[in-house]
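In what follows, a single structure is set out as structure tokens and then discussed.
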Amino acid sequence: MEKSESGSPIYRYTNEDKNEFEGAGGDSSMEEISDHIEAHIGEIHMVFHEIVSEQVHIDVHWVKPTKEHPFHTLITSGMSDKPMNTPEGVEGCDYAELSICLPEEWKISEEDFKDEKNYWPIRFLKYLARFPHEYNTWLSYGHTIPNGNPPEAFAENTKLNTMILLPSIMFGDKFPILELENKKITFYTLIPLYDEEVALKMAKGVDALFDGFDKFGLTDVLQINRPNTIVKKKFLGLF
């Protein structure tokens, strides 16, 4: 198996690896997930439902900004309807859901979503929630997924081009895990990265990113033009 410099496996997928179309199925935990969201984040303002679903039915729950959490929070349900295909020896990572946090000024409505500059975080949220079921694989902590091969910017107004899955730091230590009778669901937040940040992660592992994240005060809330946390060294020449 191909591995990065840090020793982590690299998985590559093409359309030939994609499962044949299959209608949505599985064991829905939407009600329990909704209760979990409202207990730890806030009231769900709206749920964006799918019209046509493949493999699993992905809904996106929208929690509007509050005084405690002054940003939009979008969380999936449906990714955990089916277990992922986790490798042998990996335990407790079979079920997951995803979230992304958007700044308070972000435009969120069915009409706004007609503009890709507004919709791309939701598009990628849903894409990744379905991805492990379409390609018979798994997603977990520290996994990075580029926007295409080679990676392209998510939208014309940003240079961010790759998502990384990390534990959320915004909602307390009880939100990331939902224990149910028949499964344990882990919630990950999506953080978009720049090329240089991806290169560091591939070379030295995900933990190598955190010093830069801390230095620049990076949080879960998306900033389309945030500073690149990989500071390039400048050498002064003598003339």
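Quick notes
- Of the strands (runs of 3 or more DSSP E) lying entirely inside the stretch 161-233, the ones with 1 or more residues being aromatic (Phe, Trp, Tyr) are found at 184-193.
- Inter-residue pairs, beta-carbon under 6 Å, first at negative phi and aromatic (Phe, Trp, Tyr) and in the stretch 132-156, second in a loop (DSSP other than H, G, I, E, B) and surrounded by 17 or more Cβ atoms within 10 Å (Cβ to Cβ), 6+ apart: Trp138/Met84; Trp138/Thr86; Phe154/Asn147; Phe154/Leu160
- Taking (1) farther than 22 Å from Glu32 by Cα; (2) surrounded by fewer than 20 Cβ atoms within 10 Å (Cβ to Cβ) in turn, Thr229 satisfies each apart from (2).
- Which listed residue is outside any helix (DSSP H, G or I), out of contact with any His (no Cβ under 7 Å at 6 or more places or on another chain) and over 22 Å from Thr186 (Cβ atoms), from Glu91, Glu97, Glu110: Glu110
- Selection count where residues are open to solvent by less than 30 Å² (accessible area, probe 1.4 Å) and farther than 22 Å from Met30 by Cα, scope the stretch 109-134: 3
- Residues in the stretch 154-177 that are more than 16 Å from the chain's Cα centre (by Cα) and either under 20 Å from His69 (Cβ atoms) or open to solvent by 50 Å² or more (accessible area, probe 1.4 Å) (or both): Glu156, Asn157, Lys159, Gly172, Asp173, Lys174.
- When residues of the stretch 179-191 are limited to those that are in contact (Cβ under 8 Å) with a residue 40 or more places away in the chain and open to solvent by less than 20 Å² (accessible area, probe 1.4 Å), the one nearest to Tyr141 (Cα to Cα): Tyr188
The values are calculated or read from the model by the stated rules, or taken from the named source; none is laboratory data. What you are looking at is a predicted structure, and each value in this text was computed from that prediction instead of being measured. For neighbour counting, all protein chains shown are included, and Cβ atoms are generated from backbone atoms with ideal geometry for every residue, glycine included. Quick note on the areas: whole protein, heavy atoms, side chains included, nothing else; ligands and nucleic acids left out. Shrake-Rupley method; radii C 1.70, N 1.55, O 1.52, S 1.80 Å.
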